[in-house]
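Only one structure is covered here, and it is reproduced in the block below.
The values are calculated or read from the model by the stated rules, or taken from the named source; none is laboratory data. On a predicted model such as this, the values are computed, not experimentally measured, just so you know. Cβ: placed from backbone, ideal geometry, glycine included. Neighbour counts: every protein chain shown. Surface areas here come from the heavy atoms of the whole protein model, side chains and all, with no ligands, DNA or RNA. Shrake-Rupley method; radii C 1.70, N 1.55, O 1.52, S 1.80 Å.
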Amino acid sequence: MNLYKSVSDSIKAALGCVPELSGVDLAAVSIEAPKDRAFGDYATNAAMVLTKQLGQPPRQIAETILPYIAALDFVADISIAGPGFINIKLKDEFILNSANQKSQIINRKSEIIDLDYGSYNIAKAMHIGHLRGSIVGDTLYRIARFLGHRPISYNHIGDWGKPMALVIAWIMKKFPQDWNKPDFKIDETEFNDYYPAASAHAKENPEFLKQVLAIKKKFQDGHPEYFALYEKMMKISMSEMESVVKRLNIIPFDNTLGERNAAKYLDAVEKILRDKNLLTTDDGATIINLKTDLDTAPMPPFMFYDSRGADTYDSTDLAATYYKKNTDNPDKIIYVSDFRQNLHFEQLFRVSEMIGLFPRSALESVGFGSINGKDGKPLKTRSGANATLTGVIDTVIEAVCARVKESGKNLPDDTIAMIALAALKFNDLMHDVKSDYIFDPDAVTQFEGRTGPYILYTAVRLNSVLKRAQSTEHRAKITKLSIEERNLLLGIMDFERTVQNAFDKRSPDILTNYAYDLCQMANTFYHNCPILREDVDGDTRAHRLQIAAKARDTLVMAIELMGLRVPSEM
Ligand code: ARG
């Protein structure tokens, strides 16, 4: 159950019954559940924030309201601290009873939420930037579903733009005789080098770039030979994508509309724009001016068609928004993307609002920061190239292997993969989404501290105790809790509030930090409250097993929301 909600609702209701507070606005009153429970399990600032309205010193107000809160049946102890904070300690029996109540997620309103993340590209290796998008997006998807929303995930594949043309042009240059033969095969081991090579070449060679841009337009118009080659490229990239999605334990995307398929709705979108007189021509390109008098920062125009009349990243994204409106009609669209795309999304949101697709308030972008190497610069491989996504996963697996070997253990490959997955994902999720972070394979794979392996280790330990005990059915007649039992139960009952908070703030780190704290409480409990030891009496054992089971179940829910997998042993 959501203990916080139940307790704070009761406290607020009690305050509503204090005659001296009648007519007083209680909006500023907050109830806290402090992490350090030395002074109480809950505290309220009521007396402090009401001084102005009541014209009385906080301590005096605290004394007035104290008896009303003290009368609540769950209060074991209540005291006034400092200038007027009221600390409340809960009765053990109340904690136990609450913990035995079935948990239910109370959702205010179930929403349809389109979540756009991952967004990999054809012909370009998946890079480190796609890691956070995948992990954060997948976790938001899982949480939304858990909270009773209807999330719909979109992998907005980059399959229609200049990169396609660059790689087509490059293959044509490399294999002038063969590129358009039906049996021409693209060498998969070389394929990922084509885009960076072509892109570097185009920078130095204006003729080549011109050819690329011409190819882009012809390709979009359906040039059969370019298209045949593109389909071969797509096969390779899509299979890389599928394998990464599997390795990262990402829930398969509901929708891979992609830029190419979105482009099919461009005519309809163009018509709306023309009817509203929003399109203008600038240097041959078709654009939408977005700058208003209120803009202090630069606001470039929205590029609808480039100067050759080709579709653009902007226009296909707008077409995808149109598609979403006409199919899902979502309450919200959340884009999880690199923070460098924030301006693009601001532009997209403005146009979407201008043409009446979505109000600005329904569109959100969660721009994530970069993953850097220990030198603080964008992560590179040992050979100095930009890190690829698969390269990073492999590095973490290697680090886990080394650590396991060092400890003299022998774990199956599947377990190693699960530990690596936890190391990588937990570390990613525990950082504030918007900030950059430094990726250190050695640090993220530690078995102690704020790491994925530590989380798994705790789950494995709880599982093992419960397995050894077999039955947790016996109902214990216990009314008194030890400090470790108390803390753990209170932690368990904070799960729902945490998940809701993590979603409302689009901050998965709230969930990861909770999972870590829960593990710490579970391990302290485990060390201080023997369960299976012979001298523990039956009632105590049963009671502790029930707490361990609740801790395990809660931790496993958190683990699933983070998209990790728990091995049977570690
Ligand atoms: N494919 C782009 C990239 O790799 C990201 C696309 C983000 N999503 C969107 N709807 N624009 O950078």
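Using the average count of surrounding beta-carbon atoms within 10 Å as a protection proxy, the listed peptides 206-217, 152-163, 558-569 rank, highest first, as 152-163, 558-569, 206-217.
Accessible surface area normalised per residue over the range 527-570 is 45 Å², counting heavy atoms of protein chains with a 1.4 Å rolling probe. Residues Lys505, Lys409, ordered by accessible area of protein heavy atoms at a 1.4 angstrom probe radius and largest first, appear as Lys505, Lys409. Within the same chain, aspartates and glutamates fewer than 8 places from Lys218 are excluded, and of the rest, those with a Cα less than 14 Å from its Cα are Asp306, Asp311.
Once you reduce the range 390-422 and the range 184-263 to the center of their Cα atoms, the two points are 32 Å from each other.
In the assembled protein chains, Leu343 presents an accessible area of approximately 80 Å² (probe radius 1.4 Å). Cross-link list Lys235/Lys324; Lys324/Lys425; Lys5/Lys505; Lys5/Lys434; Lys91/Lys467; Lys109/Lys505: which exceed 20 angstrom alpha carbon to alpha carbon? Result: Lys235/Lys324; Lys324/Lys425; Lys5/Lys434; Lys91/Lys467 exceed 20 Å.
With 26 Å as the limit, the listed pairs Lys232/Lys380; Lys181/Lys210; Lys480/Lys550; Lys124/Lys185 have Lys232/Lys380 beyond it between alpha carbons.
Farthest toward the positive end of the dipole of the chain, out of Ser119, Met303, Ala399, is the Cα of Ala399, where the dipole comes from beta carbon charges about the Cα centre. Considering only Ala14, Phe368, Val336, the residue lying farthest towards the positive end of the dipole of the chain is Ala14, judged by Cα position with unit charges set on Cβ. Summed over qualifying helices (DSSP H, 4 residues or more, each -39500 (n - 2.57)) and divided by its residue number, the chain shows a 222 nm mean residue ellipticity of -16500 deg cm²/dmol.
Accessible surface of the chain, 1.4 Å probe: 50 percent of it comes from carbon and sulfur atoms. Magnitude of the charge dipole for the chain, about its Cα centre and with charges confined to Cβ atoms of Lys, Arg (+1) and Asp, Glu (-1), is about 380 debye. Structural descriptor for the chain: relative contact order 14 percent, calculated from alpha carbon pairs under 8 angstrom and at least 6 residues apart. Annotation: Asp275 carries an accessible surface of approximately 110 Å², with a 1.4 Å probe and no ligand, DNA or RNA atoms counted. Here the 3J(HN,Hα) profile of the range 74-79, calculated from phi with Karplus coefficients 6.51, -1.76 and 1.60 at θ = phi - 60°, is 8, 7, 8, 7, 9, 8 Hz, Gly and Pro shown as x. Only Lys, Arg, Asp and Glu count, each charged at its Cβ (+1, +1, -1, -1), so figure out the dipole size of the range 230-326 about its Cα centre, rounded to 20 debye. Charge dipole of the range 230-326: 420 debye, to the nearest 20.
Simple rule: put +1 on each Lys or Arg Cβ and -1 on each Asp or Glu Cβ in the chain, find the dipole, and look at Ala43, Gln546, Trp160; the Cα lying farthest toward the positive end is Gln546. Assuming charge only on the beta carbon of Lys and Arg (+1) and of Asp and Glu (-1), the dipole of the range 140-255 about its Cα centre is about 420 debye to the nearest 20.
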